[in-house]
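K.L.:
One structure, as structure tokens, below. Some questions next.
The values are calculated or read from the model by the stated rules, or taken from the named source; none is laboratory data. Note that the structure is predicted; figures quoted are calculated from it, not measured. Backbone-built Cβ (ideal geometry, glycine too); neighbour counts: all protein chains shown.
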Amino acid sequence: MSMLTSATRMYLTRSFRPFTFLPDDGTRIPDLTGTAKPGLYVHIPFCRSICNFCPYCKTLFDRAQFESYIAALKAEIELFSGGFRSPVTVSSLYFGGGSPALAADRLGEIIGTLREYYRITDGIGIELHPDDVNADTLRKLKDAGVSRISIGIQSFQAKFQALLGRKAVDAAALKHALSQAGFETVSMDFIFALPGQTPEDLKADVRTAFENGANHVAVYPFINFSFAPTPVNAATNREKRKLLDDITEYFRESGCYRDSIWTFTQDPAHRYSSMTRDNFIGFGCSATTLLRHQFRVNTFSVDAYCKRISDGRLPTALRCDFTERQRMVYWLFWRLYTTRLAVGDFEAFFGVPLKKMFGAELAVAKLAGMLREHDGMFELTSKGAFYFHYYEGYYTLAYIDKMWGLLRENPFPSGMTL
């Protein structure tokens, strides 16, 4: 697995140099030069209970720790952003977790702090646990300025909820609460490639979503992270491909628009992804920041995060200073996640033609039936989308699993290579 990702990295970057992550003492504010219209991300790690399949940075809710964390979060925003001469224009703001709705009463306060330094042009989103989809919480989110919500349903079917250690979701109650809220985008997330799951199971979940308030749906593959204590085993690659091909065809026949590998919408106006940004700035424990020449990841420890901030330092645990070619590969990977790649966007970002740098690779992908080209645009075919998913699985286990596993063990590690 690591041999495949390493060989691909060396070929595409034309270098034996790995992605090297160095420790960071948090004393220097990153340079935003060349970082045009980034996205903003805020991580709220607290949960009422811990799902056994969830790989993200989370901790059980504790009132005293929560209050300390919110104070530190606001302080991090001010420490990072206080030197701006004027507000920075950003695309969007997204709250993830954890269960960020646990901070619903403080959300307006956090957004207010961000608005002192950033001009948000494309809306504010938040991910929600189904338990948080109720009239009171949704009203608080609307009052705070949230316009998009993403609900982690995983499945409407009791057999899969039980498998994931979750309770059943009341679709009718969900629909009633959403009908009174009026959010611009209502996305619902589902997991596929679960044991025994059929295309009909997945289609039934998608139909239920659209019938009960969703105008956007995400279907993500189940991934076995080494540190997530789930008893579930993922489906085989053959089963995954059949599920993905069948659900993709179902969305196509239903007239839906595909806005990323895993996400589909009934109306392109409601397309939304929290991941596909050329640059982004992250606040909170485990949050990452991607700039023109650098990638940074914050400590995963809530207590270590608060302590770093109280010392007047940024909570960065590791940083990677990209070579230009490494940055190009990273950019291409996440741009292809949207299934579309405009040739001109690459040159606008890097100042060099795409085909000059990756012409041979693109030609091979076209010959292999994984890409099609038209009107200055490359698009992933169904075959290409599956193999992107297939490779992403290797990438996730070889890179993300290793990094997140290390950061769970050590708040500020001495470094790592990928």
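K.L.:
Which of (1) closer than 21 Å to residue 277 by Cβ; (2) surrounded by 15 or more Cβ atoms within 10 Å (Cβ to Cβ) is the odd one out, the single condition residue 412 does not satisfy?
P.N.:
Evaluating residue 412 over (1) closer than 21 Å to residue 277 by Cβ; (2) surrounded by 15 or more Cβ atoms within 10 Å (Cβ to Cβ) leaves (1) as the failure.
K.L.:
Shifting gears a bit: Restricting the search to segment 74-104, which residues are crowded, with 19+ Cβ neighbours inside 10 Å and in a loop (DSSP other than H, G, I, E, B)?
P.N.:
92, 98, 99
K.L.:
Here's a follow-up. Quick check on this structure: which one of 272, 330, 250 is assigned to a loop (DSSP other than H, G, I, E, B) and at negative phi?
P.N.:
Numbers: 330 fails: assigned to a loop (DSSP other than H, G, I, E, B); 250 fails: assigned to a loop (DSSP other than H, G, I, E, B).
Testing whether each residue is assigned to a loop (DSSP other than H, G, I, E, B) and at negative phi leaves just 272.
K.L.:
Considering 108, 112, 125, which residue is among the small types (Gly, Ala, Ser), closer than 26 Å to residue 38 by Cβ and part of a strand (DSSP E or B)?
P.N.:
Working: 108 fails: part of a strand (DSSP E or B); 112 fails: part of a strand (DSSP E or B).
Result: 125 is the single residue among 108, 112, 125 that is among the small types (Gly, Ala, Ser), closer than 26 Å to residue 38 by Cβ and part of a strand (DSSP E or B).
K.L.:
Out of the residues in segment 169-193 that are small (Gly, Ala, Ser) and crowded, with 22+ Cβ neighbours inside 10 Å, which is modelled with the highest pLDDT? Full working, then the answer.
P.N.:
First, pick out the residues of segment 169-193 that are small (Gly, Ala, Ser): 171-173, 177, 179, 181-182, 187, 193.
The next check asks that each one be crowded, with 22+ Cβ neighbours inside 10 Å; those that pass are 187, 193.
Numbers: 187: 96, 193: 88.
Out of the qualifying residues, it is 187.
K.L.:
Which of (1) touching an Asp or Glu at 6+ places or on another chain (Cβ under 7 Å); (2) within 28 Å of residue 235 (Cβ to Cβ) does residue 140 not meet, given it meets every other one?
P.N.:
For residue 140, the exception is condition (2).
K.L.:
So which of 363, 287 ends up being within 21 Å of residue 40 (Cα to Cα) and either out of contact with any Pro (no Cβ under 9 Å at 6 or more places or on another chain) or among the small types (Gly, Ala, Ser) (or both)?
P.N.:
287
K.L.:
Can you list the helices (runs of 4 or more DSSP H) found entirely within segment 151-223 that contain at least 1 residues being more than 28 Å from residue 389 (Cα to Cα) and in contact with a Gly (Cβ under 9 Å, 6 or more places away or on another chain)?
P.N.:
On the way: elements: 158-163, 171-179, 199-211.
Per the criteria, 171-179.
K.L.:
Taking only segment 153-168 into account, find how many residues are within 13 Å of residue 209 (Cβ to Cβ) and either crowded, with 22+ Cβ neighbours inside 10 Å or basic (Lys, Arg) (or both).
P.N.:
Let us first name the residues in segment 153-168 that are within 13 Å of residue 209 (Cβ to Cβ), namely 153-157.
Cutting the leftovers down to either crowded, with 22+ Cβ neighbours inside 10 Å or basic (Lys, Arg) (or both) gives us 153-156.
Number of matching residues: 4.
K.L.:
Only residues that are at pLDDT below 90 and either more than 25 Å from residue 328 (Cα to Cα) or surrounded by fewer than 18 Cβ atoms within 10 Å (Cβ to Cβ) (or both): list them for segment 33-49, please.
P.N.:
33, 34, 36
K.L.:
Before we move on, is residue 117 buried (at least 22 other Cβ atoms within 10 Å of the Cβ) and in contact with a strand residue (DSSP E or B) (Cβ under 8 Å, 6 or more places away or on another chain)?
P.N.:
Values: buried (at least 22 other Cβ atoms within 10 Å of the Cβ): no; in contact with a strand residue (DSSP E or B) (Cβ under 8 Å, 6 or more places away or on another chain): yes.
Against the criterion (buried (at least 22 other Cβ atoms within 10 Å of the Cβ) and in contact with a strand residue (DSSP E or B) (Cβ under 8 Å, 6 or more places away or on another chain)), residue 117 does not qualify.
K.L.:
Here's another thing I want to ask about it. Quick one: which of 395, 390, 399 is under 18 Å from residue 341 (Cβ atoms), aromatic (Phe, Trp, Tyr) and touching a residue at least 40 places away in the same chain (Cβ under 8 Å)?
P.N.:
Numbers: 390 fails: under 18 Å from residue 341 (Cβ atoms); 399 fails: under 18 Å from residue 341 (Cβ atoms).
Matching residue, one of 395, 390, 399: 395.
K.L.:
Buried (at least 19 other Cβ atoms within 10 Å of the Cβ) and touching a residue at least 24 places away in the same chain (Cβ under 8 Å): does that describe residue 305?
P.N.:
Numbers: buried (at least 19 other Cβ atoms within 10 Å of the Cβ): yes; touching a residue at least 24 places away in the same chain (Cβ under 8 Å): yes.
In short, yes.
K.L.:
Of everything in segment 247-270, what is among the acidic types (Asp, Glu) and either without any contact (Cβ under 8 Å) to a residue 12 or more places away in the chain or surrounded by fewer than 16 Cβ atoms within 10 Å (Cβ to Cβ) (or both)? Give them in sequence order.
P.N.:
Passing the criteria: 249, 253, 267.
K.L.:
Sticking with this structure for a sec: Considering each of 128, 163 in turn, give the residue that is touching a helix residue (DSSP H, G or I) at 6+ places or on another chain (Cβ under 9 Å), closer than 30 Å to residue 200 by Cα and among the hydrophobic types (A, V, I, L, M, F, W, C). Spell out the reasoning first.
P.N.:
On the way: 163 fails: touching a helix residue (DSSP H, G or I) at 6+ places or on another chain (Cβ under 9 Å).
None of the other options fit; the residue is 128.
K.L.:
Tally the residues that are in a strand (DSSP E or B) and more than 18 Å from residue 284 (Cβ to Cβ), restricting the search to segment 46-68.
P.N.:
In the first step, residues of segment 46-68 are kept if they are in a strand (DSSP E or B); the result is 46-47, 59-60.
Cutting the leftovers down to more than 18 Å from residue 284 (Cβ to Cβ) gives us none.
The number of residues fulfilling the criteria is 0.
K.L.:
Which of the residues belonging to segment 364-409 are outside any helix (DSSP H, G or I) and either loosely packed, with under 14 Cβ neighbours inside 10 Å or not assigned by TED's automatic domain parsing to the domain that holds residue 333 (or both)? Talk me through it step by step, then tell me what you get.
P.N.:
Residues of segment 364-409 that are outside any helix (DSSP H, G or I), as a first pass: 368-381.
The answer is 368, 369, 372, 374, 375, 376, 377.
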